[in-house]
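Let me begin by presenting the structure, written as structure tokens, before commenting on it.
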Amino acid sequence: MGDVEGQDNAVDSWWGQVKSYASLAIERVACGVDAVKQFLFTLSSDERWGVMMAIDERSPQVFEELTAIAPDWGTWMG
């Protein structure tokens, strides 16, 4: 049971970090797609997906704006 609790804490910690990355990414949307893209490329693929999920959860209008101006955003995730 201790391992499961440790895994839960790791997931919570990861998600918390991803949410903070999402805040940074949201700030960069105003600077343009390239600023967001450059930031995302400093993260792992899992973190990139998590950031996009967190942006959609926290600020759906920003997510829609970003995906509208960068319809190829899915290619950044790999």
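The values are calculated or read from the model by the stated rules, or taken from the named source; none is laboratory data. All values derive from a computational prediction rather than experimental measurement. Cβ: placed from backbone, ideal geometry, glycine included. Neighbour counts: every protein chain shown. Protein only, heavy atoms only, side chains kept; ligands, DNA and RNA dropped before computing areas. Shrake-Rupley method; radii C 1.70, N 1.55, O 1.52, S 1.80 Å.
LEU24 falls short of the stated requirement of being at pLDDT 95 or above, out of contact with any His (no Cβ under 7 Å at 6 or more places or on another chain) and outside any helix (DSSP H, G or I).
Looking only at residues in the range 1-21 that are among the aliphatic types (A, V, I, L, M) and either at pLDDT below 95 or farther than 19 Å from TRP49 by Cβ (or both), the one that is least open to solvent (accessible area, probe 1.4 Å) is ALA10.
Residues of the range 26-52 that are of a type outside the set (A, V, I, L, M, F, W, C) and either under 14 Å from GLY78 (Cβ atoms) or within 11 Å of the chain's Cα centre (by Cα) (or both): LYS37, SER44, SER45, ASP46, GLU47, ARG48, GLY50.
Looking across the range 40-78, the residues that are under 23 Å from ALA10 (Cα atoms), of a type in the set (A, V, I, L, M, F, W, C) and either outside any helix (DSSP H, G or I) or open to solvent by less than 70 Å² (accessible area, probe 1.4 Å) (or both) come down to LEU40, PHE41, LEU43, VAL51, MET52, ALA54, ILE55, MET77.
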